[in-house]
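Below is one structure; the comments refer to it alone.
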Amino acid sequence: LRPVYGDGLLYIATGRGNTGELWAMRPDGSGDVTESHVVWKAQGGIVPLEPSPLLIDGLLYLVNNTGILTCLDAATGEKVWDKRVGGNCIASPIYGDGNIYVSNTQGRTMILKAGNSPEVVATNNLDDGCMASPAVCGKALFLRTKTHLYRIENQ
């Protein structure tokens, strides 16, 4: 789970389990800035244990380990929407061509338009579960399952 930075805020996951939180904080200052620099916190079921968040055009996308994708207003932490993508998710979502790609351990990748509503573009299934975050190189999308590495690209 990696931190994400944008629009003057750093988004950091603080732990696992019931105590896991996502903090949005200003990265400046020195010393103990916990009280003065934390802008907002999210906690509970929306905070992922493994998948890293995405920050796109002022919206923060989190997919938790039980397959729920949540979109937050990155400045305030207010929930914009959530959508069950299904399955168990340990891979981080990725962004490309205006779309968010969310892969689960059961082998399904759901593709959604980034934005203020959860518009599903497509859902694709692979024979084996996706155990790693998708990767992009040029116009190619790489998906690794338990047994295969797939390259998907329009020619």
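The values are calculated or read from the model by the stated rules, or taken from the named source; none is laboratory data. Note that the structure is a prediction, hence the values are computed from the model and not measured. Every residue, glycine among them, receives a Cβ derived from its backbone with ideal geometry; neighbour counts consider all protein chains shown. All accessible areas refer to the heavy atoms of the entire protein, side chains included, with ligands and DNA or RNA removed. Shrake-Rupley method; radii C 1.70, N 1.55, O 1.52, S 1.80 Å.
Brief remarks on what is shown
- Summary value for the chain: 13 percent relative contact order, contacts being C-alpha pairs under 8 angstrom separated by 6+ residues.
- Dipole magnitude for the stretch 36-132: about 200 debye, using +1 per Lys or Arg Cβ and -1 per Asp or Glu Cβ, origin at the Cα centre.
- Overall, the stretch 16-81 carries a charge dipole of about 180 debye about its Cα centre when +1 sits on the Cβ of Lys and Arg and -1 on the Cβ of Asp and Glu, all other atoms neutral.
- Alpha-carbon centroid distance for the pair the stretch 1-50 / the stretch 63-121, whole angstrom: 19
- Using a Gaussian network model of the chain in which every pair of alpha carbons under 10 angstrom is joined by a spring, one finds that among Asn104, Asn64, Asn125 the greatest mean-square fluctuation is at Asn125.
- Evaluating 6.51 cos²θ - 1.76 cosθ + 1.60 at θ = phi - 60° for every residue in the stretch 110-124, the Karplus couplings come out as 9, 10, 10, 5, 6, x, 7, 9, x, 8, 7, 8, 6, 9, 10 Hz, glycine and proline recorded as x.
- Cross-link partners for Lys79 among the aspartates and glutamates, with Cα-Cα distance under 19 Å and sequence neighbours closer than 8 places in the same chain left out: Asp7, Glu21, Asp57, Glu119.
- The stretch 32-155 - percent of accessible surface contributed by carbon and sulfur, probe 1.4 Å: 47
- In the assembled protein chains, Glu21 presents an accessible area of approximately 40 Å² (probe radius 1.4 Å).
- For the chain, the alpha carbon positions stretch 50, 30, 27 Å along the principal axes, listed from largest to smallest.
- Taking all protein chains into account, the per residue accessible area for the stretch 1-135 stands at 48 Å² (1.4 Å probe).
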